[in-house]
Amino acid sequence: MSTTAARTRRRQVLIADVKRNSLDDGPGIRSVVFFKGCPLRCSWCQNPETLSTRAEVQRSPELCTRCESCITACPTHVARPGTDVQDATRCQRCGRCVDACPSGARRLVGTPAYVEDLAHLLALDAPFYRRSGGGVTLSGGEPTLHAGFAGRLAARLAEAQIPVLLETCGLFGWTSFERHLLPHVTTIYFDLKLADDQRHREATGHSNRRILSNLRRLVDTGSELLVRVPLVPDITDDAENLTAIARHVRSLGLARLALLPYNPLWIPKRQGLAAGARALPYSHDRWLSDQDVARCADLVRGEGIEVSP
Amino acid sequence: MIALPTIDEATTWMLDQTTGAMALAALEVMALGLRFKPGVRQHLYGVRPDGTEVAFKGSYVFTTRDSTLAVHAVFAHGHMRVGRGGLERPNVTVRLRDKASLRKFFDPRTDPLTMLLDNEMSFDGNLAYLARFDHLSKVLKLGHGSGTEPLPPDPTHPPGRWEDLPVPPTGEACADPPAGEMTHVPEPHFAAHTLDDWPRLKRLLWSHRTRTAELDPERALSLTEFKLTAGDRPTARGHSALYQAKGLHYVLAQKKAIIHDDDVLAGTTTSKRVGVHLYPDLGATAIWPELLTVQARELNPYQLSAADADTLNRRVFPFWMEDDIREWTRTAASNPLPMRLDERFVLYFLWKNFAISHTMADWPTVLARGLDHIHAEARGREKDAEATDQRTFYRALQVSIEAVLNYARRLAEHADHLAARLKNDPANDPRRLELREMARICRKVPAAPPETLHEAVQAIWIIFVCLHQESFNAAICFGRLDVVLEPYWKKDLASISDPAAKRRAAHRAVELCGALMLKATDHLPLVPDIGNRLFGGSSSDQVITLGGVHADGTNAVSDMTWIFLKAVEMLRLRDPNMNARYNPEKNSETYLRRLCELNLLTRATPSIHNDDAVIPALVEQGFAETHARDWSATGCVEPTSAGRHFGHTGCIMFNLVAPLEMALHDGVHPLLDEQIGPRTGNPRSFTSFDDLWEAYLTQFRWLFDQVVEGNNLLGRTHQAIHPTPLLSAVFSGPMEKGLDVVDGGAEYNTTGTALVSLTDVVDSLAAMKRLVFDRGELDMDTLLSALEVDFVGYDSVHRAVTRKAPKFGTGDPLTNDIAHRLMDAFYDHLTSQRNTRGGQYLPGYWSMSNHVAFGILSGPLPSGRRRGEPFTPGLTPSPTAEAPLTTQIRTVAELDALKMPNNIAFNIKLAPGASDQYQQVVDRMTAYVQAYTDLGGMQIQFNVVSSQTLRDAMKNPGSYGDLLVRISGYNAYFVELNADMQRELIDRMEHSLT
């Protein structure tokens, strides 16, 4: 193995999950790579297990039989049925409690991956992508947090004629993104949550200034781009926000955006996670009605912007 | 101190002492009943055609398996004698597990079928005698002549008039008509037309959906009359064929010529509107015990008039008790072990009776030459042949052809007769003209070559009807009807240039093909109640195969393909079982999309095969490339080179789990509780996975060797008493070789098997390898102890094997590796064996419904599957394999097609959401199939229905009478399945499409 290859091989990032046969997250039949770690802390985050860049043990309390195998297996004596190990500072996140659990009540979220292995696994489904007009979606978490890794992965996939779609929250360092990732992705889904900076800070923990500037730069590159707005009840679905976003999109010369109706299925997911994710305050547990979605779409259309299906 | 027995112990002791007396008393009551009850004694006599009576002679022993207690009964001279102890060489020995089972057997409330399936009872000897005994006991229990009450209305049948039959949705117009695959049809999907545009088909379909099948004794009675007057049956080669041909001639001469209202094709397979064929030469006596009850049975009741029941009971069945294929074999080979094992149900089924039919005629040759021409050739060869057996064989071909032509002539006369009967009313003119045309056609074909599409279809139908008088109505197939009929269609259209006239011709072609398909629903195979319990729902499986390529490799999709597909879309029949070939290089994507669309519209048909996998698999077996390209499915899915390949493809249903259960019990099958296989060691002493592997394969090879021996014995019986001269006359090979197909006269002579439930074996072996041998997380003793009690009290073991062991279909390298290695081993063992026609045994991995039957009877498995649960259908990942559809498809596609030449059934259940876009669903289905074929997959079949809908159909069968489902190779109406099979379909993993 050459030294470059060896170096490449050593670089790993944590992957929360690879979802095959995904029929959302882009056209056709796709595989979605969920990277671990996100710079934002949206209160409604639907994939809370991907927030932290570290591995973590996710529990399914309803499967736990309190057999205490986890206690025996834990090298630092912190694992207990019904507690979250990573709340304890001594937890090494080694996953031995996961292996020991006979009921499958524990899952280690965050598997170290190498570019080559991951690209190989993703390419197994190439005939499905090709026949359906699908491909691979990089999602998360936030793939741009690992721009180098994600870029090499996308390059590998592009070599194999597999189209790569990037889903991003838009908060990334432009230089690294432009150098590593942008050349290798086919399509970008760019999430825009709130137009107002103060509200953006309150809901996500970050200013939206860099996000907006990244969006402008992306538009300038002429990339295939779709702006998506998550419709989160009482946070992003008001007329003021949607109108403002639509106007902004129009000002960028874009013709359309997509609306992502809120999905409450994530709520139980955070219970078995570390304190950080558990602490997410948002707890709206209902689906948006068709009328609500239609109202939001009308607001966007009112500003002369098409709504993608 | 003396320990006093408990009350229970005392009762048991007393019962043990009195069991013999109870059994004897029960038999004596029966003997008295037979002597004194009015109208009962006649059941002890058969009646010959001349009216003379033949008293039943038979002897029975009922014994515990340990032989500590036995009673017997003897029938002779119109009496029944009973006594204690055994007998020398009884016709049947009924073995009961213990004394309690013996008492239970004689309890009138007991269902002997349940005892048989639970292995509380087994039998040794002649099944027909057991059936007659069962019938006699029912006569006494129910009274003579009962059971003929009219059937209660069937809730699954739609009420009202044919006009009210719901019209199924129609597909969308073809967006991209493929230039090379159509010439005259205006639009390949006929999207502008619905069933309402073919009122005749709608009426015939209504008739199909509203009629209950009726047992038809016509052929059975004729054949009995022939047998009782024809003198001794010769068994020498050639002579046995001539005897059969004469029998066929007699049967067809007696056969009523029938043309129903609305028929465009003359002739029917039975004398009833929907008839259940009875082949007493091929095991029909199995229905004997149900003659009084079959109308009232819960699943798939049959109508049976009192007169017909009496005919069967006295004029037919008594004369076949020694003379069907099984009994002949048993006698010839002194009740051989392979047949005794077959009768235990859990190891394998030898379905030689059905396999003899599993093929299709050489239609292109037969139609191009006409039967007169073939007859002349046989006559010429008879003159030239030197050996007597060959001369006799050629004589047999002529007699069987004469039988067909005689029947065709009578159909013509009947059509004329019906036409003449119509009043001279202009309103009757259209039908009168139709009947006159029918008469003209039946006078011409199949004697002379047909020249029009209508003539060709009628010629096929007449021969098809006649083939059903010769062999069991199981999977006598139509074959590649689009390829066979296209030349006649083109000829019809050659002289038509007016577009409107072309449209009318296409309309008529759809009607004709639809009428042929509906004609094929006029009969059903006999299913005794045990079949309902274990299988059920299957009809004849008269496969029509469409698409693919011609023998020369050119695209075979044509106008006729689209015409048949339109009929499939409107009729949604379970049978003919529709199979479509997809040739990725030659067939268009439009065609594949149409196949997927039809699966969405009909929910379950056609199944789709990849030419790129099937053709090489046949070539590997020695088929010429041109012959391999000309393949058609048989029965469920089995590839058969059309008209030249006698493949006996449904011959053997082999339970792959049985050798595993035996390997885990040192050669004892736990249900049978007997040392049947070789001793391969106590698994607790296995030190490595290799030990287990070797034990499994040793048991497999031993059990499969039994199968080969049994199948070959049955094959020799076919040669002695059941040649099929008519099939031989319309087949490629027998004429040149001077040999009947049962003697190896066909060009290709393989034996097809279905190795059932590979997935369950793979998952079980993988669980043991990973958890017991590799990781040591589970010890063998604990696992085996858990299996003994069906995991009760071993929750942690069950969790470990279900959650931590890899499953086939998830892409895990271990399960993939085990599957590949097992298939290699099976292939090597099977293809090295030879059948009685000189051909090799071929492995296949479809299961029909046997994954449920074998599953019901099998114990818990290391995979975590519990006792009695169905196995996994066909070659499909288990519902517990939590893997995305793409991974499942990849896993199955990567299996080596060359190792499964008898094909597979890969089942996928899709459940589109209510709001899904129609085009998008079709796009996605098409993409899955394309990717599957890109990866080398062989066969794929869909159920496009949600579990929720199936559950609702279980509760409200009345609203779902036409709900079509695909089991593991064949189609069925969901509401006709037994509850186990319904639940298995519900439990299949469901994949959404958006």
Can you tell me the FRET efficiency between B:T52 and B:E413 if r is taken as the Cβ-Cβ distance and R0 is 22 Å, rounded to the nearest 0.05?
0.05
Placing +1 at every Lys and Arg Cβ and -1 at every Asp and Glu Cβ, with all other atoms neutral, what dipole size does chain A have around its Cα centre, in debye to the nearest 20?
1060
Inter-chain shielding metric for B:881-887, i.e. average beta-carbon neighbours from other chains within 10 angstrom, reads 5
R0 = 22 Å: FRET efficiency of B:A76 with B:L142, Cβ-based, nearest 0.05?
0.35
What relative contact order, as a whole-number percentage, does the stretch A:56-109 give when Cα pairs under 8 Å and 6 or more residues apart are counted?
48
Which order, highest average first, do A:234-245, B:626-637, B:515-526, B:850-861 follow once you tally other Cβ atoms within 10 Å for each residue and take the mean per peptide?
B:626-637, B:850-861, B:515-526, A:234-245
Helix-only [θ]222 nm of chain B, DSSP H runs n ≥ 4, -39500 (n - 2.57) each, per residue, nearest 500
-14000 deg cm²/dmol
For peptides A:178-188, B:266-276, sequence by mean Cβ density within 10 Å, most packed first
B:266-276, A:178-188
Roughly how many Å is it from the Cα centre of the stretch B:412-458 to that of the stretch A:52-92, as a whole number?
82
Amide H neighbours of A:L225 under 5 Å, counting only residues 5+ apart in sequence or on other chains, H built in-plane at 1.01 Å?
A:I188
Mean Cβ count within 10 Å, highest first, over the residues of peptides B:64-71, B:95-102, B:258-265:
B:95-102, B:258-265, B:64-71
Around B:E214, which amide H atoms from residues at least 5 apart in sequence, or from another chain, sit under 5 Å from its own amide H, with H modelled in the peptide plane?
B:V274, B:G275, B:V276, B:Q303
Could you pull out the pairs from B:K352/B:K807; B:K909/B:K955; B:K423/B:K491; B:K769/B:K807; A:K19/B:K955; B:K255/B:K383 whose alpha carbons sit more than 24 Å apart here?
B:K352/B:K807; B:K423/B:K491; A:K19/B:K955; B:K255/B:K383
Which of the aspartates and glutamates could a cross-linker bridge to B:K57, judged by Cα under 17 Å and excluding same-chain residues fewer than eight apart?
B:E88, B:D134, B:E322, B:D323, B:E327
Specify which residue in the list B:A408, B:A551, B:I476 is farthest towards the positive end of the charge dipole of chain B, using unit charges on the beta carbon of Lys, Arg (+1) and Asp, Glu (-1), about the Cα centre.
B:A408
At 7 Å along Cα-to-Cβ for each site, give me the label-to-label distance between A:S251 and B:K502 in nm.
6.1
For the stretch A:130-239, with only Lys/Arg (+1) and Asp/Glu (-1) charged at the beta-carbon, what is the dipole magnitude about the Cα centre, in debye rounded to 20?
460
Rounded to a whole %, the carbon-and-sulfur portion of the accessible area of the stretch A:56-109 at a 1.4 Å probe is 48
Regression test value, accessible area per residue of chain B, probe 1.4 Å, units Å², expected 34
Considering the dipole of chain B built from charges on the beta carbon (Lys and Arg +1, Asp and Glu -1) around the Cα centre, which of B:P659, B:T110, B:Y827 is farthest to its positive end?
B:T110
Accessible area buried between chains B and A, both sides summed, probe 1.4 Å, in Å² to nearest 100:
1800
For the pair A:D24 and A:I71, what calculated FRET efficiency results from E = 1/(1 + (r/R0)^6), where r is the Cβ-Cβ distance and R0 = 35 Å, to the nearest 0.05?
0.35
From the residues A:A100, A:V227, A:Q198, which one has its Cα farthest along the dipole of chain A in the positive direction, the dipole being from +1 and -1 charges on Cβ of Lys/Arg and Asp/Glu about the Cα centre?
A:A100
Simple label model, 7 Å out from Cα along Cβ direction - A:T221 to B:W162, nm:
6.8
Using a cut-off of 12 Å between alpha-carbon atoms, which aspartates and glutamates can reach B:K490, once sequence neighbours fewer than 8 places away in the same chain are excluded?
B:E451, B:D482, B:D559
Give the cross-link partners of B:K256 among the lysines, using a straight C-alpha distance below 22 Å as the criterion and excluding same-chain residues fewer than 8 apart.
B:K227, B:K246, B:K272, B:K444, B:K519
Using θ = phi - 60° and the Karplus relation 6.51 cos²θ - 1.76 cosθ + 1.60, list the HN-Hα couplings for the stretch B:765-775 in order, rounded to whole Hz, with x at every Gly or Pro.
5, 5, 4, 5, 4, 6, 7, 8, 8, 7, 9
Calculate, in whole percent, how much of the Cα-Cα pair population of the protein assembly as shown lies beyond 52 Å.
34
I'd like the Karplus ³J(HN,Hα) series for the stretch B:503-510: coefficients 6.51, -1.76, 1.60, θ = phi - 60°, whole numbers in Hz, and an x wherever there's a Gly or Pro.
4, 5, 5, 5, 4, 5, 5, 4
Across the stretch B:187-192, in residue order, what do the Karplus-derived ³J(HN,Hα) couplings come to in whole Hz, using 6.51 cos²θ - 1.76 cosθ + 1.60 with θ = phi - 60° and x for Gly and Pro?
8, x, 8, 6, 5, 7
Shielding by partners for B:921-934, please: the mean number of other protein chain Cβ atoms within 10 Å of each residue's Cβ.
4
Rounded to one decimal in nm, the spacing of the 7 Å Cα→Cβ label points at B:R379 and A:N263 is 7.6
May I ask you to give the percent of accessible area on chain B that is carbon plus sulfur, with a probe radius of 1.4 Å?
51
Out of residues 5 or more away from A:I15 or on other chains, whose amide H comes under 5 Å of its own, with H placed 1.01 Å from N in the peptide plane?
A:T111, A:A113
Taking Cα atoms only, Rg over Rh for chain B with Rh from the Kirkwood formula is 0.96
How big is the charge dipole of the protein assembly as shown about its Cα centre, in debye rounded to the nearest 20, if each Lys and Arg gets +1 on its Cβ and each Asp and Glu gets -1 on its Cβ?
680
Per-residue mean of other chain beta-carbon atoms within 10 angstrom of the beta-carbon, peptide A:27-35?
2
Determine the principal axes of the Cα atoms in the stretch A:56-109, then give the extent along each, sorted from largest to smallest and rounded to whole angstroms.
25, 20, 16
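The values are calculated or read from the model by the stated rules, or taken from the named source; none is laboratory data. Given the structure is predicted, the values throughout are model-derived calculations rather than measurements. We place every Cβ from the backbone using ideal geometry, glycine too, and count neighbours over all the protein chains shown. Surface accessibility is based on the protein's heavy atoms, side chains included, excluding ligands, DNA and RNA. Shrake-Rupley method; radii C 1.70, N 1.55, O 1.52, S 1.80 Å.
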